[in-house]
Amino acid sequence: MEQAMLARAYTPLRLGPVTLPNRFIKAGANENMSLRGMPTRAMLKHHESMAAGGVGMTTMAYLSVNKVGRTLPDQIWLHDGVIGELRAVTDAVHAKGGKIAAQLTHGGSFVTGVFVPGRLQSSVSGFNPAGLLRGNIFRRGMTEVDMEHMVEAFVTAAEHCVSAGFDAVEIHMGHGYLLNQFLSPMDNNRKDAYGGSAENRARFPTRVLAAVKQRVGQDIAVLAKINVADGRRRGANVEDAIITAKLLEAAGADMLVLSGGRNVESGWFMFGSNMNLEAMYRVLGKWSLSGMAIGATAKSAPSIDFRELYFWEYSKKIREQVSLPLAYLGGVKSADNVAQCMAADFEAVALARALLREPDLVNKWEVRPEEPSLCDNCNSCVAYIYHPGGTWCIHRPANVLEDNQLLASSGGS
């Protein structure tokens, strides 16, 4: 391991108007630590522990830009009434010396846990397989007026994030949500200026980021999370991702977080390993509608073995084509992996499962870099996104259920 490269990961990183204390990011991953659209004390403790453990910036996952953009009933959506509770979380993170980003998105037609009256907005119209379990059977292609309203929804949501004390917003353009429904040819077969070529498919997501950057870019960093590829034959590939990255760079993005895969069609690609069906059945019930749907999807997935840095080849190609800061995500399991990312000129590394296993992993690697992550990539934590206590690593003490039934402002650690 190149010690100088590892040391670089512990140096500050400037992103727009914000400076992170180091280059480690807790990646956005649904916590299920919200109640009636408000963050809970469990959410506060979760992100507080990341900052205390040395993470430079933690990411609160899936804050919907409006109420109909939620994919699950208790998910947070941004409005005036939630700012005080969000401020309790951001204050707790700041008190531990860390920064915190808000992951902004809208589910579009990918709404699996909430019934939404009327057709769901998406890139195109027609049948909506992702919404079948909740009766969201049809979707409609967005018009220019719809797009104007959606851009303003993202902008207003970002303004709420400024008021709530966030240091950055991460606009989620991956994993099958609304903006990815424009980027991916798996959804987007439009014949107008928003469909066809990769440039056209990126037009609306780029417009969203540019508007957010213009409105709040002086106050907070503006990031985007994109897929390096969708992981399916008909999906977007790395060449498409390079075009998206170049357009987002030109639009003023302060950093891109590189991910991959889609929630339904290629979860195995996203996690670099197969879903843990046993854990899913344990949490959801094998014969529940959700359990049966997940089981059916898993049966069509290829069997793959986890490998470290599983998005490396894709991400390196993007790194070679753009100049803006990039966060490498996908299978970072050791200090050697971190040093490799730094040596390849990635400005940051993003981790999720490894930090659920060891919230103090960043601090550990600074003093004991020879010790690898204890995460065994069993993917049980993914199943616990649907648990009443919120996501957790099964190798750690269980979450305190009561913490997920009290609002964030009710107390910290």
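So here's what we get for this one:
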| read-out | value |
| --- | --- |
| Fluctuation leader among Asp240, Asp345, Asp305 - the chain, Gaussian network, Cα springs under 10 angstrom | Asp305 |
| Positive-end residue of Gly295, Phe127, Ala168, charge dipole of the chain with Cβ unit charges | Phe127 |
| Total charge dipole magnitude, the range 335-396, about the Cα centre, Cβ charges on Lys, Arg, Asp, Glu only, Debye to nearest 20 | 340 |
| Signed unit charges on C-beta, dipole axis of the chain, positive-most listed residue Val93, Ala348, Phe182 | Phe182 |
| Glu239-Glu152 pseudo-label distance in nm [points 7 Å out on the Cα-to-Cβ vector] | 4.0 |
| Extension gain, Met292 back to Val145 (0.36 nm per residue minus Cα-Cα distance, nm) | 49.1 nm |
| Cross-link reach list, lysines versus Lys286, counting only Cα pairs under 21 Å and skipping chain neighbours closer than eight places | Lys299 |
| Stokes-Einstein translational diffusion, the range 361-404 - Kirkwood Rh over all Cα pairs, 0.890 mPa s, 25 °C, in µm²/s | 203 |
| For the chain, fraction of C-alpha pairs farther apart than 27 Å, in % | 46 |
| Cα centre as origin, Lys/Arg/Asp/Glu Cβ charges: the chain dipole, Debye | 860 |
| Per-bin percent of Cα-Cα distances, the range 71-134 [10 Å] | 17, 37, 24, 17, 4 |
| Of Gly196, Gly54, Gly252, the one that fluctuates the most in a GNM where the chain has Cα springs shorter than 10 Å | Gly196 |
| Virtual spin-label span in nm between Lys364 and Gln405, 7 Å along Cα→Cβ | 3.2 |
| Largest-first ellipsoid semi-axes for the range 145-232, taking √(5λ) over the Cα gyration tensor eigenvalues, angstrom | 25, 14, 10 |
| Exposure rank, largest accessible area first [Val400, Val238; 1.4 Å] | Val400, Val238 |
| For the range 210-331, fraction of C-alpha pairs farther apart than 26 Å, in % | 34 |
| Within the range 286-413: Cβ-based charge dipole about Cα centre, in debye rounded to nearest 20 (Lys, Arg +1; Asp, Glu -1) | 480 |
| Cα gyration tensor category, rounded, prolate or oblate, for the range 187-238 with a/c compared to 1.5 | oblate |
| Compactness of the range 254-397, expressed as Rg and Dmax over alpha-carbon positions, Å | 16.4, 49 |
| For the chain, accessible area per residue (1.4 Å probe, heavy atoms of protein chains only), Å² | 38 |
| Förster radius 22 Å - calculated FRET efficiency between Glu278 and Arg307, Cβ distance, rounded to 0.05 | 0.50 |
| Accessible area of the range 76-124 belonging to carbon and sulfur atoms, whole % at 1.4 Å probe | 52 |
| Neighbour cut-off at most 13 other Cβ (10 Å), DSSP loop, chymotrypsin sites (Phe, Trp or Tyr not before Pro), the range 66-157 | Phe115 |
| Area of Asp187 that stays accessible when all protein chains are in place (1.4 Å probe, Å², to 10) | 20 |
| Rg(Cα) / (2.2 N^0.38 Å) computed for the range 1-132, rounded to two decimals | 1.24 |
| The range 324-350 and the range 229-255: distance between their alpha carbon centers, rounded to Å | 18 |
| Per-peptide average of other Cβ atoms within 10 Å, ordering 315-323, 199-207 highest first | 199-207, 315-323 |
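The values are calculated or read from the model by the stated rules, or taken from the named source; none is laboratory data. In this text, all values refer to a predicted model and were calculated from it rather than measured experimentally. In this analysis, Cβ positions are derived from the backbone assuming ideal geometry, glycine residues included, and neighbour counts consider all displayed protein chains. Side chains are part of the model used for accessible areas, which takes the heavy atoms of the whole protein and leaves out ligands, DNA and RNA. Shrake-Rupley method; radii C 1.70, N 1.55, O 1.52, S 1.80 Å.
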